[in-house]
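Okay, so here's the structure we're looking at.
The values are calculated or read from the model by the stated rules, or taken from the named source; none is laboratory data. Here the structure is a predicted model, which is why all the values come from computation and not from measurement. Cβ sites come from the backbone with ideal geometry, for glycine too, and all protein chains shown count toward neighbours. For the accessible areas, the whole protein counts, side chains as well, though only heavy atoms, and no ligand, DNA or RNA atoms are used. Shrake-Rupley method; radii C 1.70, N 1.55, O 1.52, S 1.80 Å.
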Amino acid sequence: MVVIPSTLMGDGAAQSKRIPLTQLARGQRAIIDSESLTTLAEADRCLLRAMGIHESCELKVCKAGAPCIIEVERTRVGLCGSVASKVFVKPCDGCPAA
Amino acid sequence: MAAQQPDELEALRVYSTERPPRAALLGQPNTGKTTLFNRLCGSRARTANIPGTTVESRVGLAATTHGVLEIMDLPGIYGLSLEVPESKLCRDCLDGRIGDVAPDVAVIIADATNFSRSLRFASHALRRKMPCVIAITLADDARRKGFSVNAAALSECLGCPVVITSGRTGEGVDELADAALRAALHGISLESFEQRLNHLPASSVSESDLAKWANDVLVEVASGRLAAASSVSDRVDRALTHPVSGLATFILVMSVLFASIFWLAQFPMKGLDFIFGTSGDWLRAVMPAGPLRDLCVDGIIGGVAGTVVFLPQICLLFFLLSLLEDSGYLARAAFAADKFLRRFGLPGQAFVPLLSSHACALPGIMSTRLIPDPKDRLATILVAPFMSCTARLPVYVLLISLLFAGRPWLAGLAFVGCYATGAIAGLLSAFLVRRTLLKGPARPMLLEMPPYRRPSVRIALWVMYDRGVLFIKNAGSMILAICVVMWWLSAYPKVAPSPELLQMRAQTSEVALQANANPEQVQALESAANLLESREQQLGSMAGKLGLIAEPLFHPLGFDHQLTVAVLTSFLAREVFVSTLMIISSTDANDEASLLDRLTHNRRADGTLLFTIPTAASLLVFFTLAMQCLPTLALVRRETQSWKWPLLQFAWMSGLAWSMAWIVRQALLTGGF
Ligand SMILES: Nc1nc2c(ncn2[C@@H]2O[C@H](COP(=O)(O)OP(=O)(O)O)[C@@H](O)[C@H]2O)c(=O)[nH]1
Ligand SMILES: [Mg+2]
């Protein structure tokens, strides 16, 4: 199992609180929690993964709130509030905000 | 390129006597699939539904140096193994479960500007035991951004041929067709398939490990690096998702879209009207009078005119939609509208079809192709005709001026009320149908926002042409048939002129023969006689008899025989209603004011007023909600591939219209009007 380096950076015990995606601010970066997608419906989870949004990937918020738009690698995806509120992330303070 | 093998030539010969080998384009949305397809096939392509489905795909022929290859553009999907209808469809298609034959080769599209994700997609697709070729698209765009892929190295990595292409510049397109044909003819042996599997990560690998694999491959085969996203795209998106500027842009874009089909389209429509009018007049002049001339002029030319009159709106809408989709804005618009429409069980993508339906339901229903989910799409099709279209406008004008004569404020309010009633009834019906007939979990919005790109006018023109042809081919013949039948119903059987009419005609010629005849007076007499003739003809025709049968049905709404006939004939197209009323009330066609005046004083046979306030109001409500449009019915039948949905829609809309009209009339009657 190979871990993306930024996960290590954000993994300090104190700073890594799990919060829903909808609570991030615009421009903030975060890492998707490894357990978080399991609360989603199977079909949504598979679709998100196929779009490139998978566990422990790093994302950037382009539009905050619900619905929100996030960017993973070179893909931007709009998520409705009902899905976004079930996606839990750890904000990574190590990553520079945009 | 390798020299042609003898067995390959043999295979070609077999194919050329049967059918060309078939390639399926398989890829994620917005990866340049359609652009590549158009480059490959040019004009040798047609759009058709995939057999047995309501999903369409394009099929075309590509010429290669070794023969012809048939190419099929499948819908864009995010993954082959997903449990969404589009992915299922692609799987069925690749397995040969739908369509006449299974494709011989899969052309897997990999977007160079989103390479890592494309590699992950390809790794799934390559696990199917069939010949595959990878086409790297948008290579020009990626190169401009400083990123390029080494095809040979990637081919080595994945164990299948790789071609670098660009649908924009045409780069690599011929090589791709060649490579696909070659792969199709070679087929795939178990040995080479196993070899290919060895290159790929295990199927059970987790998504993050797959991402890791893709990144390793990327490092090995690509040079340069793509920035996360362009800063321009970032800034534009920031403006477009801003609460104020975002909303303003949305309203502006949608207003332009709406204005062009509502207002701009009327000029080509008038042009078409003129052309058909003149050719009808010409034919009338050269042909001998008789039933054949009537059939040609009123039946056929009238029917063709009634069909092509929809083309300007359809073409304009699809031209603009193509530009909007290509630019990347359409996805943002759907994103913005989703929250509101979801409450009624409709997706954000339904916004444009519903908006367009306010101009005309036909282009609106055709544009539901933008909605990926079949249930969402069906629900949108079912409620689209509730939106008040331009054909209802003259009826609104007439009835509202009748109801609120001299009270412009109330009249304006009533107008808004009509549009709102239609829209609200549509949204509530959508809510209802999504909880009953189209039950099931709604697909939540997970919508990719494609990067902003310069739209291609060439593609937009092509889409416009394609849609126009498709409309004429699919719905045109049925609409034409409906027009001819409706004309026949209202023109036959011929009725003998009544003594009253004969007397009027005699009087007219008498006046005309007088030495000091006033030409204006003669003309007035003549047109009055013509109107009387039309009226007698209409009431004596089949349509008139049908009106007699249907009259008891409309009696509770306050409609008499003549009004019932008017309602029935307006099925052809709602604008016919006003002209029918003119015939009924024997008013000259050019005089709206006198029509109003006459209608207000029009009396039934028993001397009571025809248009009392309750009757006019119930008629207005009826027209706002009823599906008084047979062309729409024909198109819904085409788009849903069944009679069930259009008939259901018709029954629901008519039932609702009737009940609401009845309630309004009863309320007004009890209120003492
Ligand atoms: N620069 C460039 N743009 C392209 C190319 N191919 C497609 N596009 C653009 O990419 C967008 C998506 O293309 P389209 O063919 O509709 O993708 P599809 O959704 O996969 O069918 C459109 O804006 C196209 O104009 C290409 O080769 N080069
Ligand atoms: Mg496409």
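Annotations
- Options A:Ser56, A:Ser16, A:Ser6: the member that is among the hydroxyl-bearing types (Ser, Thr, Tyr), at pLDDT below 90 and in contact with a Cys (Cβ under 7 Å, 6 or more places away or on another chain): A:Ser6
So that you can scan it fast, the table gives a plain yes or no per residue for (1) within 16 Å of ligand 2 (Cβ to nearest atom); (2) surrounded by fewer than 18 Cβ atoms within 10 Å (Cβ to Cβ):
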| site | (1), (2) |
| --- | --- |
| B:Tyr419 | no, yes |
| B:Leu427 | no, no |
| B:Lys439 | no, yes |
| B:Ala460 | yes, no |
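- Subset of the range B:190-206 that is in contact (Cβ under 8 Å) with a residue 12 or more places away in the chain and under 44 Å from the mean Cα position of the chain (by Cα) - its residue that is nearest to the other protein chains (Cβ to nearest Cβ): B:Pro201
- Output for the range B:293-335, where each listed residue is more than 14 Å from the chain's Cα centre (by Cα), modelled with pLDDT of 90 or more and part of a helix (DSSP H, G or I): B:Leu323, B:Leu324, B:Glu325, B:Asp326, B:Ser327, B:Tyr329, B:Leu330, B:Ala331, B:Arg332, B:Ala333, B:Ala334, B:Phe335
- Looking only at the range B:43-64, residues that are free of Cβ contacts under 8 Å to residues at least 12 places away in the same chain and either over 16 Å from B:Ala177 (Cβ atoms) or open to solvent by less than 30 Å² (accessible area, probe 1.4 Å) (or both) come to 1 in all.
- Check on B:Leu539, open to solvent by 70 Å² or more (accessible area, probe 1.4 Å) and without any contact (Cβ under 8 Å) to a residue 60 or more places away in the chain: no
- Some residue of the range B:165-174 being within 16 Å of ligand 1 (Cβ to nearest atom), touching a strand residue (DSSP E or B) at 6+ places or on another chain (Cβ under 7 Å) and among the aliphatic types (A, V, I, L, M): no
- For B:Ser357, the test of being within 22 Å of B:Ser618 (Cβ to Cβ) and among the polar types (S, T, N, Q) is failed.
- Answer residue from the range A:63-93, given it is β-branched (Val, Ile, Thr), within 8 Å of chain B (Cβ to nearest Cβ) and under 23 Å from B:Arg235 (Cβ atoms) and is farthest from the chain's Cα centre (by Cα) among those: A:Thr75
- Enumeration of residues in the range B:215-258 that are of a type in the set (Gly, Ala, Ser) and either in contact with a Pro (Cβ under 9 Å, 6 or more places away or on another chain) or not in a helix (DSSP H, G or I) (or both): B:Ala222, B:Ser223, B:Gly224, B:Ala227, B:Ala228, B:Ala229, B:Ser230, B:Ser233
- Taken as a whole, the structure leaves B:Ala248 outside the set of residues that are closer than 28 Å to B:Leu317 by Cβ, more than 9 Å from chain A (Cβ to nearest Cβ) and touching a Ser or Thr at 6+ places or on another chain (Cβ under 6 Å).
- Hey, B:Asp273 out of contact with any strand residue (DSSP E or B) (no Cβ under 7 Å at 6 or more places or on another chain) and open to solvent by 30 Å² or more (accessible area, probe 1.4 Å) or not: yes
- Test: B:Cys360 is open to solvent by 20 Å² or more (accessible area, probe 1.4 Å) and either at pLDDT 90 or above or more than 16 Å from ligand 2 (Cβ to nearest atom) (or both): no
- Number of the exception - B:Gly468 against (1) away from ligand 2 (no atom under 16 Å from the Cβ); (2) open to solvent by less than 30 Å² (accessible area, probe 1.4 Å); (3) over 17 Å from the mean Cα position of the chain (by Cα): (3)
- Of residues in the range B:24-49 being of a type in the set (Lys, Arg) and in contact with a helix residue (DSSP H, G or I) (Cβ under 9 Å, 6 or more places away or on another chain), the one nearest to ligand 1 (Cβ to nearest atom): B:Arg39
- Residue count for the range B:230-242 under the criterion of being facing chain A (nearest Cβ under 10 Å), loosely packed, with under 15 Cβ neighbours inside 10 Å and within 32 Å of the chain's Cα centre (by Cα): the result is 1.
- Residue in the range B:177-192 that is buried (at least 22 other Cβ atoms within 10 Å of the Cβ), within 14 Å of ligand 1 (Cβ to nearest atom) and at pLDDT 90 or above present: no
- Any pair with Cβ under 9 angstrom, 6 or more apart, that starts in the range B:439-457 at a residue that is at the interface with chain A (Cβ under 7 Å from one of its Cβ atoms) and part of a loop (DSSP other than H, G, I, E, B) and ends at one that is open to solvent by less than 50 Å² (accessible area, probe 1.4 Å) and within 15 Å of ligand 2 (Cβ to nearest atom): B:Met449/B:Gly328; B:Met449/B:Ala331
- For the range B:640-658, the condition of being loosely packed, with under 13 Cβ neighbours inside 10 Å and aliphatic (A, V, I, L, M) holds for at least one residue.
- B:Tyr15 falls short on exactly one of the conditions (1) modelled with pLDDT under 90; (2) within 14 Å of ligand 2 (Cβ to nearest atom); (3) aromatic (Phe, Trp, Tyr), and that condition is (2).
- Sole exception among (1) more than 30 Å from B:Ser204 (Cα to Cα); (2) in contact with a Pro (Cβ under 9 Å, 6 or more places away or on another chain); (3) within 15 Å of ligand 1 (Cβ to nearest atom) for B:Arg144, by number: (2)
- Odd one out for B:Asn38 among (1) in contact with a Leu (Cβ under 9 Å, 6 or more places away or on another chain); (2) within 15 Å of ligand 2 (Cβ to nearest atom): (1)
- Residues (out of contact with any Asp or Glu (no Cβ under 6 Å at 6 or more places or on another chain), part of a helix (DSSP H, G or I) and either more than 7 Å from every other protein chain (Cβ to nearest Cβ) or farther than 11 Å from B:Ala211 by Cα (or both)) located in the range A:40-62: A:Glu42, A:Asp44, A:Arg45, A:Cys46, A:Leu47, A:Leu48
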